[in-house]
1. Just give me the residues in the range B:33-46 being touching a residue at least 24 places away in the same chain (Cβ under 8 Å) and not in a strand (DSSP E or B), in sequence order.
2. If you check B:128, B:105, which single one turns out to be over 23 Å from residue A:180 (Cβ atoms) and touching a strand residue (DSSP E or B) at 6+ places or on another chain (Cβ under 7 Å)?
3. Just checking, how many residues over the range A:90-122 are in contact with a helix residue (DSSP H, G or I) (Cβ under 9 Å, 6 or more places away or on another chain), closer than 30 Å to residue B:18 by Cα and surrounded by fewer than 20 Cβ atoms within 10 Å (Cβ to Cβ)?
4. So residue B:68 clears everything in (1) more than 19 Å from residue B:9 (Cβ to Cβ); (2) outside any helix (DSSP H, G or I) except one condition, right? Which one?
5. Could you count how many residues in the range B:120-168 are within 14 Å of chain A (Cβ to nearest Cβ) and at positive phi?
6. Of B:82, B:20, B:58, which residue is within 11 Å of chain A (Cβ to nearest Cβ), within 22 Å of residue A:47 (Cβ to Cβ) and within 14 Å of the chain's Cα centre (by Cα)?
7. For the range A:161-170, indicate whether the set of residues that are under 19 Å from the mean Cα position of the chain (by Cα), loosely packed, with under 13 Cβ neighbours inside 10 Å and more than 9 Å from chain B (Cβ to nearest Cβ) is non-empty.
8. Answer with yes or no whether residue A:26 is away from chain B (no Cβ under 14 Å), surrounded by fewer than 24 Cβ atoms within 10 Å (Cβ to Cβ) and either free of Cβ contacts under 8 Å to residues at least 24 places away in the same chain or under 14 Å from the mean Cα position of the chain (by Cα) (or both).
């Protein structure tokens, strides 16, 4: 399956989930599919979208939080699976786009050359639910069950590597603007105070 | 009241509701005090940069958070502090043992001692040093400064504060 197809299908089932996206392909495809400001798109800290999403999920237990991760980012912080399993946030779902390459920089192969079973790693780390999905039809068939289950749950989506630098362009804002758009969106939706009375 | 209890009390005054930690032996008593506090969600991490990103995510959930670690752990987080917190101006409050000071007689801490403060200065990260028990009352001001400056803020704990005067 293509990453864009998987993300568009996922986006259709999003409901009121708040998304945190790993930098690069995952963020770019989620932006292309949703144009959503109540999503946080990492521009750095590769590997740590998972930790950011966990902190958000623990702090906002009333919100479904989706982590849109990618295999390159997951491999940069595999320890996140231990922490995520230990904290057992019921409102956190973890998706991994697994294309086997560093796509955003031109499709260079990753270290493990397709040998690694991330779902098995997650189960061994303490995830009660983890699976790998190879085809779009299978993903569509499994989605209702995935949507209905509690976290921590990991779904690895095996997608085709696609060549071409920034084939799907990134979101049109960054830096502090990302912070304020995301924070204000959460304030409006959940009635929380992210920023103080003077705006910081 | 011991130092860990005083720091814990000040963190509660700040409204801290989440703490993410990876211990060294100087901050371990404080971490265990916080872990026993039912009003603070405590997250044990496997790498210090996880704590940085967890606190950053908590910021957007409207929850006040603190990351606790040793000085060596802080050095491992500089990339994430720059590309997440500096890039997006996300405040993150860190409590860190100031290892490698002249009274920290551990050879494997010496490198950190000479380079940690210059490194923070190079990144333009504000910091404050708690050296005496009375200094602990500065924690709410430090936390507010972190929020206002919208950057990582490092609160160092000295050996004298957490372990007493060195004898050898």
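1. B:33, B:34, B:37, B:39, B:40, B:45, B:46
2. Going through B:128, B:105 in turn, the sole match is B:128.
3. Residues in the range A:90-122 being in contact with a helix residue (DSSP H, G or I) (Cβ under 9 Å, 6 or more places away or on another chain), closer than 30 Å to residue B:18 by Cα and surrounded by fewer than 20 Cβ atoms within 10 Å (Cβ to Cβ): 3 in total.
4. Tallying (1) more than 19 Å from residue B:9 (Cβ to Cβ); (2) outside any helix (DSSP H, G or I), residue B:68 fails exactly one: (1).
5. So the answer is 1.
6. Going through B:82, B:20, B:58 in turn, just one is within 11 Å of chain A (Cβ to nearest Cβ), within 22 Å of residue A:47 (Cβ to Cβ) and within 14 Å of the chain's Cα centre (by Cα): B:20.
7. Taking every residue of the range A:161-170 in turn, at least one turns out to be under 19 Å from the mean Cα position of the chain (by Cα), loosely packed, with under 13 Cβ neighbours inside 10 Å and more than 9 Å from chain B (Cβ to nearest Cβ).
8. For residue A:26, the condition - away from chain B (no Cβ under 14 Å), surrounded by fewer than 24 Cβ atoms within 10 Å (Cβ to Cβ) and either free of Cβ contacts under 8 Å to residues at least 24 places away in the same chain or under 14 Å from the mean Cα position of the chain (by Cα) (or both) - is not met.
The values are calculated or read from the model by the stated rules, or taken from the named source; none is laboratory data. Predicted model only: the values in this text are computed from it and were never measured. Neighbour counts run over all protein chains shown; Cβ positions are idealised from the backbone, glycine included.
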